[in-house]
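Colleague: Before I ask anything, let me first share the structure, which is written out below as structure tokens.
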Amino acid sequence: MAMMTGAEYIESLRKLNTRVYMFGEKIENWVDHPMIRPSINCVAMTYDLAHDPQYEDLMTATSHLTGKKINRFANIHQSTDDLRKKVKMQRLLGQKTASCFQRCVGMDAFNAVYSTTYEIDKKYGTTYHDNFKKFLEFIQENDLVVDGAMTDPKGDRSRAPHAQDDADLFVRIKERREDGIVVRGAKCHQTGSVNSHWHIIMPTIAMGPDDKDYAVSFACPSDAEGMFMIYGRQSCDTRKLEEGADIDLGNKQFGGQEALVVFDDVFIPNEYIFMAGEYDFAGMLVERFAGFHRQSYGGCKVGVGDVVIGATALAAEYNGVEKASAVKDKLIEMTHLNETLYCCGIACSSEGHPTESGSYIIDLLLANVCKQNVTRFPYEIVRLAEDVAGGLMVTMPGEKDFKSDTVVGRNGETIGDFCNKFFVGNGKCSTEERMRVMRFLENICLGSSAVGYRTESMHGAGSPQAQRIMIARQGNIQGKKELAKAIAGIK
């Protein structure tokens, strides 16, 4: 099958029987739901750009399994060049959507599971690696979207999975059968889950012998029996339900998506199982997925940052302050922070190395440094954007006020007349253009798109402390002490 277009991808979703719930009710036509469709448009962009000759080198790759041309989101990295192109592709998509395009988690899961299953098989003589290769070939051949699901609800985080009062707070194997397993539990904060054809499930923490039933990784279709999703709320999300909403939406065309994914006794056939009790490899899988996903943030967040910087510069121009030295300095600082994140993404890619399976992995220390910076720099970029834009981005009247023909003035002026009169900018742009950039910045900094930029920069791919633990583990303090001893003459 040839690679799908964005339109073909959207139509393929209509064939699924995915169960989606929102506001306590089942959403029958979730593909066209105004709160969900912008996130689907983001994923569609990953398909359309793959057909654009201008971006073919970044958006596509050659499958090492079949030799065929595939979407890069389904690729297993074969070199440091692949790793760098991944980051560049993510920056491009961030620039095109100014939001989360949702396929990174699946790509990062592919690469983590690929190398980990190879090493599980080597130790235990299992067939997980072959299972995964056959599954990945199926995904590549049909050009499908796969959601990578790692985060469990966790419950009491001071307790291990087996020690929870409720056994389902981590995804677990409830029953083992000759032809497969039955799983229970849930994955939360799942990016793009509703928009995916399939899911790959992974453990969320390193585990011990008592957690054997929780050390499980598998693939299942998004409409598997017993599986359903509860859509996550976002700030200002119901604006999308307002009739004729346009300017007030900010980023009208694109958006992110999160959901709680519930497994209510879901049967998984043997051929889709990639780990089933090998608890000693749970930590490796988590560490590798986290490393790949922390690398990703050096691309996607930078692309969105490019758009934020551009919108901030536009707001300064429309406010008539673009020539002020203080404003110029703030834009320079925003650019400096954004490019520093990109440097980290490229650096951890360039310092990558092959795993035992032959696939390439990033430098884990630098990947964690990348994500640690992402937990900070986008917040400063957003702060500066709000500083330059001014308070209008959060206090101006609604779109309907600007368009209102209700007469309120002594001389017959309408509400719309007054809004357009008093919110005029530098005179070189229309009031509507000024309002559009303000609403866009509100959406990026505080609204629905903040899920894909600001707040998600903090907790996506692990909280700041998770990276600090890895930096401590990978930082080789003892080796640095030896360097100091040698130069200082300490024996």
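The values are calculated or read from the model by the stated rules, or taken from the named source; none is laboratory data. Being a predicted model, the structure only gives us computed values, none of them experimental. Note that each Cβ is placed from the backbone with ideal geometry, even for glycine, and that neighbours are counted across all protein chains shown. All accessible areas refer to the heavy atoms of the entire protein, side chains included, with ligands and DNA or RNA removed. Shrake-Rupley method; radii C 1.70, N 1.55, O 1.52, S 1.80 Å.
Colleague: Quick one: which helices (runs of 4 or more DSSP H) lie wholly within region 433-491 and hold at least 2 residues that are open to solvent by 10 Å² or more (accessible area, probe 1.4 Å), touching a residue at least 40 places away in the same chain (Cβ under 8 Å) and over 16 Å from V394 (Cβ atoms)? Talk me through it step by step, then tell me what you get.
Modeller: Numbers: elements: 454-459, 464-474, 477-488.
Output list reads 454-459, 464-474.
Colleague: Given the conditions (1) out of contact with any helix residue (DSSP H, G or I) (no Cβ under 7 Å at 6 or more places or on another chain); (2) open to solvent by 30 Å² or more (accessible area, probe 1.4 Å), which single one is not true for V424?
Modeller: Every listed condition holds for V424 apart from (1).
Colleague: Another question, if that's okay. Among the residues of region 198-235, how many are assigned to a strand (DSSP E or B) and open to solvent by 10 Å² or more (accessible area, probe 1.4 Å)? Before you say what the answer is, go through the steps one by one.
Modeller: Here is the first cut: in region 198-235, the residues assigned to a strand (DSSP E or B) are 198-201, 216-221, 227-231.
The next check asks that each one be open to solvent by 10 Å² or more (accessible area, probe 1.4 Å); those that pass are 198, 221, 228, 230-231.
Number of matching residues: 5.
Colleague: Out of all the residues in region 314-335, which are polar (S, T, N, Q) and open to solvent by less than 70 Å² (accessible area, probe 1.4 Å)?
Modeller: Within region 314-335, the subset polar (S, T, N, Q) is 319, 325, 335.
Scanning region 314-335 gives N319, T335.
Colleague: Taking the condition of being without any contact (Cβ under 8 Å) to a residue 60 or more places away in the chain and part of a helix (DSSP H, G or I), how many residues in region 126-144 meet it?
Modeller: Number of matching residues: 2.
Colleague: Which residue is surrounded by the most Cβ atoms within 10 Å (Cβ to Cβ), if the candidates are limited to region 293-313 and must be over 14 Å from the mean Cα position of the chain (by Cα) and closer than 15 Å to F101 by Cα?
Modeller: Step one: filter region 293-313 for residues over 14 Å from the mean Cα position of the chain (by Cα), giving 305-313.
When the remaining residues are screened for being closer than 15 Å to F101 by Cα, the result is 305, 307.
On the way: G305: 30, V307: 20.
Here the residue is G305.
Colleague: Restricting the search to region 128-159, which residues are touching an Asp or Glu at 6+ places or on another chain (Cβ under 8 Å) and either within 26 Å of D210 (Cβ to Cβ) or open to solvent by less than 30 Å² (accessible area, probe 1.4 Å) (or both)?
Modeller: Hits for region 128-159 are Y128, H129, N131, F135, G148, G155, D156.
Colleague: Given the residues R383, R410, which is the only one that is open to solvent by 40 Å² or more (accessible area, probe 1.4 Å) and under 21 Å from V307 (Cα atoms)?
Modeller: On the way: R410 fails: under 21 Å from V307 (Cα atoms).
On inspection, the qualifying residue turns out to be R383.
Colleague: For region 236-258, give me each residue that is of a type in the set (A, V, I, L, M) and outside any loop (DSSP other than H, G, I, E, B). Let's see the steps before the verdict.
Modeller: Within region 236-258, the subset of a type in the set (A, V, I, L, M) is 241, 245, 247, 249.
Hits for region 236-258 are L241, I247, L249.
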